[in-house]
1. Taking θ as phi - 60°, what are the ³J(HN,Hα) couplings along the stretch 181-188 by the Karplus curve (6.51, -1.76, 1.60), each to the nearest whole Hz, with x for Gly and Pro?
2. If neighbour count is taken as other Cβ atoms inside 10 Å, put Leu299, Leu266, Leu139 in order from fewest to most.
3. Could you rank the peptides 268-277, 189-198 by their average count of other C-beta atoms within 10 Å per residue, with the highest value first?
4. Return Thr17, Thr137 ranked ascending by Cβ neighbour count within 10 Å, so the fewest neighbours appear first.
5. Could you give each residue of the stretch 28-37 its phi-based ³J(HN,Hα) in whole Hz, using Karplus coefficients 6.51, -1.76, 1.60 with θ = phi - 60°, and x for Gly or Pro?
6. Please arrange Met302, Met171, Met18, Met240 by counting, for each residue, the other beta carbons lying within 10 Å of its beta carbon, fewest first.
7. Any of Lys189/Lys254; Lys227/Lys310; Lys212/Lys303; Lys156/Lys310; Lys215/Lys254 with alpha carbons more than 23 Å apart? Name them for me.
8. Return P(r) of the stretch 116-309 (all Cα-Cα pairs; 5 Å bins starting at 0; whole %; ordered from short to long distances).
Amino acid sequence: MSDPELLEFLKRHEVRTMAKDIAKLRDQEAQKEKEKILKLQAVPKAPETAPAKEVPAPRVAATPSMVLPGKPSRFSKVLIRIFFVVLILFIVSNAAAFAYWLFKKRGAQAPPSPPSQQQPREETSRPRGFFEGVPQTTLFLQEREQLFSGLEEILKQDFPAGLTRLTIQTMDAESSVDPRVFFQTLVVKPPENFVSLLEEPFAVFVFTDAEKTRKRVGFVVQLQEPKRAEEILGAWEPDMEKSFALLSSLHGPKDNVYTNLFGTALFQDIPIRFQQFSLRDSGLFYAVAETNFIFSGSLDGMKEALGQIKK
């Protein structure tokens with residue numbers, strides 16, 4: 001066999017071989033598909049379930065929509081502030097005007113009543129505690145705070161020469177004014193340890209000179225510890241003028257003999273400590289006699305008071 005014929009034969013043999021291979025491959029694939037189908041047919045079918053019923057969605061009630069107000073403008077804010085400021089000022093001014101009107105109305109309806117005084121009368125009955133056999137008079141006050149103005153008014157009246165015992169009586173109290181109330185009302189500020197030594201009896205007096213041109217106020221009060229009181233009084237002397245300033249103003253102004261130092265005078269062997277204000281026998285005069293503290297606005301008044309106490 002020649003070479004061309006051999007080549008042709010080989011080609012044909014190769015074609016037949018390829019055809020066999022292809023046919024064999026197809027048979028294998030068909031067998032695999034058949035096996036798959038048999039397997040699927042062997043699996044039991046799942047029971048068919050009824051289709052789920054559709055549940056209607058709940059109906060939601062429609063809510064009315066709210067329209068929010070818009071943000072106020074800057075000009076509106078300023079107007080609102082001005083309105084509130086004017087309103088507050090209006091209320092405050094009206095309240096102040098009403099309070100002032102009410103105050104004026106009450107003041108007009110209840111004017112302060114002047115203290116009532118009783119004309120001095122000469123009596124020879126024994127006063128309680130001090131000054132036996134001297135004239136006495138009573139100063140009636142609506143309130144304790146009227147004591148200074150009451151003394152001013154009663155000093156304008158006529159008194160007999162010498163001592164007159166002055167009983168100070170307030171309408172709101174049955175008893176007369178005690179030394180503590182006397183000091184407090186006349187703004188006298190003694191040391192506390194001195195006030196604790198004071199006790200009843202207590203008496204206020206008015207001294208009138210022989211010409212009846214000068215009247216001076218004084219008082220006398222009993223002491224618990226006279227020696228201790230003298231020590232306290234000595235320490236109080238630098239401030240005593242200031243303490244008795246209101247009471248001393250009842251006796252007139254100071255003149256060129258005024259001194260801010262205390263001196264000592266003797267009367268019946270009793271030392272009198274004094275600070276002179278004027279030649280018209282005015283100043284601060286005090287003494288401790290036995291168990292008594294005596295204060296006077298004049299030296300002659302002090303001597304008269306000491307003479308009455310030593311009787």
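No lab work stands behind these numbers, since they all come straight from the coordinates. Because the structure is predicted, anything quoted here is derived from the model rather than measured. Every residue, glycine as well, gets a Cβ built from its backbone with ideal geometry; the counts of neighbours run over all protein chains shown.
1. Running phi through 6.51 cos²θ - 1.76 cosθ + 1.60 with θ = phi - 60° gives 5, 4, 5, 4, 5, 8, 6, 8 Hz.
2. In increasing order of surrounding Cβ atoms, one gets Leu266, Leu299, Leu139.
3. On the way: 268-277: 16.6, 189-198: 14.8.
Listed from highest to lowest mean packing, they are 268-277, 189-198.
4. Details: Thr17 10, Thr137 19.
So the ranking, lowest neighbour count to highest, is Thr17, Thr137.
5. Using θ = phi - 60°, the values come out as 5, 5, 5, 4, 5, 5, 5, 5, 4, 5 Hz.
6. Values: Met302 27, Met171 13, Met18 10, Met240 19.
Placing the least packed residue first, the sequence is Met18, Met171, Met240, Met302.
7. The pairs that break the limit, which is 23 Å between Cα atoms, are Lys156/Lys310.
8. Taking every Cα pair in the stretch 116-309, the percentages come to 1, 8, 17, 21, 23, 18, 9, 3, 0.
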